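The values are calculated or read from the model by the stated rules, or taken from the named source; none is laboratory data. Nothing here was measured: the structure is a model prediction, and the numbers come from that model. Cβ coordinates were reconstructed from backbone atoms using ideal geometry, including for glycine residues, and neighbour counts include every protein chain displayed. Heavy atoms of the whole protein, side chains included, go into the accessibility calculation; ligands, DNA and RNA do not. Shrake-Rupley method; radii C 1.70, N 1.55, O 1.52, S 1.80 Å.
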Amino acid sequence: MGAPMSGNGGKPWAPSPPPGHVSRGRLERVLRSGQFAVTAELNPPDSADPGEVLRRAAVFEGWVDGVNATDGSGANCHMSSVAMCALMTRAGYSPVLQVSCRDYNRIAIQGNVLGAAALGVSNILCLTGDGVQVGDQPEAKPVFDLDSISLLATVKQMRDEGRFLSGRKITEPPRLFIGASENPFAPPYEFRPMRLAKKLAAGAEFIQTQYCFDVPLLERFMARVRDLGLDRRCFILVGVGPLASARTARWMRANVPGVHIPDAVVARLEKAGDPKAEGKRICVEIIRQIRAIPGISGVHLMAYRQEEAVCEIVEESGVLAGRKPWRRPAGAASDAAAVMTLDEALESGVDD
Amino acid sequence: MPAIRNPAAYEPQGRAPRPARKGGLPAWSVRHARFLARLYAVSCAAVNFSAPLLRRIGLERLEGAAALLERETKGRFFDCRMCGQCVLSATGMSCPMNCPKALRNGPCGGVRPDGGCEIYPEMTCVWVRAWEGAQRMQAEDAILQVQTPIDHRRKGASAWLALLRPIGGKP
Ligand code: SF4
């Protein structure tokens, strides 16, 4: 299927990363070239229809450098991150695989990492995961075999040493750009920069943070990060997102673990005539303030149920400074075609 | 109907933390992390020193008694969960296996503004305590060491005797 790519010792499917890069992905290239990057979170469908994933991803096209496929976020069951990433790579997007330690043990995780890389995924975000009690199935067994930091170390070992945790050899290591999350807005505040250092030591190359609604707190965190010289050893993308109303803000504060929203923000939404527009305005303001903080390499947009607002926010904030992230060239395979190739693959001789 | 919470369902270590014991002996231990860390170092040295003797008696034969002793003492002082591979000296004397996510490398992102656990709000996050304890300890930066994944085979065994077993070897 398709013309074989060359440049990797005759292996048709895996050209080597460019020099100085660990992955073949666009996200890493944008970050390493020193440009302010934008990533966005894609909420997985509760459906087995591939078209839903591709339609949701298409909203971000031309505005973001990477699309995070969440992995049972909030401990709710949805389509898996690996599957969403696989669908997105077929259509040409640059997905970020999210792996949460809540749902898999180390055997499953290492298998998934290899599989995702084989499907063309170039970025991975290693997470601990929310506890099962916040989700729709609180009676589930939480796994937590690894934690986010030992998961980082595991992926790094697989990539750089070409070995599983057991030491067994991997013939073609996964070429992944390794990411981690951080929450500068939760206690113990003084420990957070140290924990970031720990994540870097374990292998993290980019960081996506929890929602930022409190810029002074972020500034304090970043000051410490710069003192420790950590900003020069990784790319930090700060999480941002529009709040739809004061009610949503209060609900998030109470129900989404680790989200800190200052009262001032809630009050502003309360007073606004059009809370949705105000929420977007707050988000744009926060992005502009973040842009001015030294040591920050990008923003990560999490616009739950407001995905269509992402491009407007990116445009209004002006963070791309005229840069145009990748979009499918005109006349390229449509969503339908991407799904078609799937069907073809199934029909052409792969008997189940 | 009163909400029946089954803590066991959230508890990878098979035992729920005891939220009532917000203070108690384990909290005392964190406050006296410096002293206990030294005591701990001494006890490790003692184990290593008596290694030839212990080996002569046979580690297998000692296991039962050692584990019992450890469970009783460390259980009281640290709420020890008998993971069999103690990291107290790198966690400010706050046992990380009381974390419902069993995180041995630092807190998750869900710690509440008051320092409460994401899963058991009434319990102080073990890593908030650990950070306090670590400041009091001599080896303040031990908390920055990256801990390798836990070996589940060692659960229930004595961590003291484990000092004498080859690292990465069979439990
Ligand atoms: S042996 Fe394991 S469970 Fe017991 S105190 Fe040490 S770290 Fe905690």
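Before moving on, here are some points about what is shown:
- For the pair B:L39 and B:E63, the difference between a 0.36 nm per residue extended length and the Cα-Cα distance amounts to 6.5 nm.
- Each Lys and Arg adds +1 at its Cβ and each Asp and Glu adds -1 at its Cβ; summed about the Cα centre, the protein assembly as shown shows a dipole of about 2160 debye.
- For A:A303, the amide hydrogen comes within under 5 Å of the amide hydrogens of A:E41, counting only partners 5 or more places away or on other chains and with H modelled in the peptide plane.
- Using every pair of distinct Cα positions in region A:243-292, the Kirkwood expression returns a hydrodynamic radius of 11.1 angstrom.
- Here the mean projected area of the convex hull built on the C-alpha positions of chain A is 18.6 nm².
- Rg/Rh for region B:33-98, where both radii come from Cα atoms and Rh is the Kirkwood radius: 0.98
- Annotation: amide H-H contacts under 5 Å for A:A37 (H modelled 1.01 Å from N, sequence separation of 5 or more, or interchain): A:G298, A:V299.
- Close amide H contacts of A:A180 (hydrogens built in the peptide plane, cut-off under 5 Å, sequence separation of 5 or more or a different chain): A:C126, A:E205, A:F206, A:I207, A:Q208.
- Across peptide A:136-148, the mean count of Cβ atoms from other chains lying within 10 Å of each residue's own Cβ comes to 5.
- Per residue of peptide A:201-209, the mean number of Cβ atoms on other chains within 10 Å of the residue Cβ is 1.
- Protection-proxy order for peptides A:122-129, A:69-76, each taking the mean of Cβ atoms within 10 Å per residue, highest first: A:122-129, A:69-76
- Lysine pair number, Cα distance threshold 16 Å (strictly under), region A:26-324, separation 8 or more or different chains: 4
- For the segment A:94-106, counting C-beta atoms of other chains within 10 Å of every residue's C-beta and taking the mean gives 1.
- Total accessible area lost when A and B pair, probe 1.4 Å, Å² to nearest 100: 2500
- The 3J(HN,Hα) values that the Karplus relation (6.51, -1.76, 1.60; θ = phi - 60°) gives for region A:30-41 are, in residue order, 4, 5, 5, 7, x, 8, 6, 9, 10, 10, 9, 9 Hz. Gly and Pro appear as x.
- Per the Debye formula on identical point scatterers at the alpha carbon atoms of region A:61-196, with no solvent, log10 I(q)/I(0) at q = 0.19, 0.20 Å⁻¹ is -1.15, -1.24.
- Applying the Karplus relation 6.51 cos²θ - 1.76 cosθ + 1.60 with θ = phi - 60° to region B:68-74 yields 3J(HN,Hα) values of 5, 4, 5, 4, 5, 7, 5 Hz, where x marks Gly and Pro.
- Each residue of region A:121-137 is assigned a 3J(HN,Hα), and the resulting list reads 7, 10, 10, 9, 10, 8, 10, 6, x, 6, x, 4, 5, 7, x, 8, 9 Hz, derived from the Karplus form 6.51 cos²θ - 1.76 cosθ + 1.60 (θ = phi - 60°), x at Gly and Pro.
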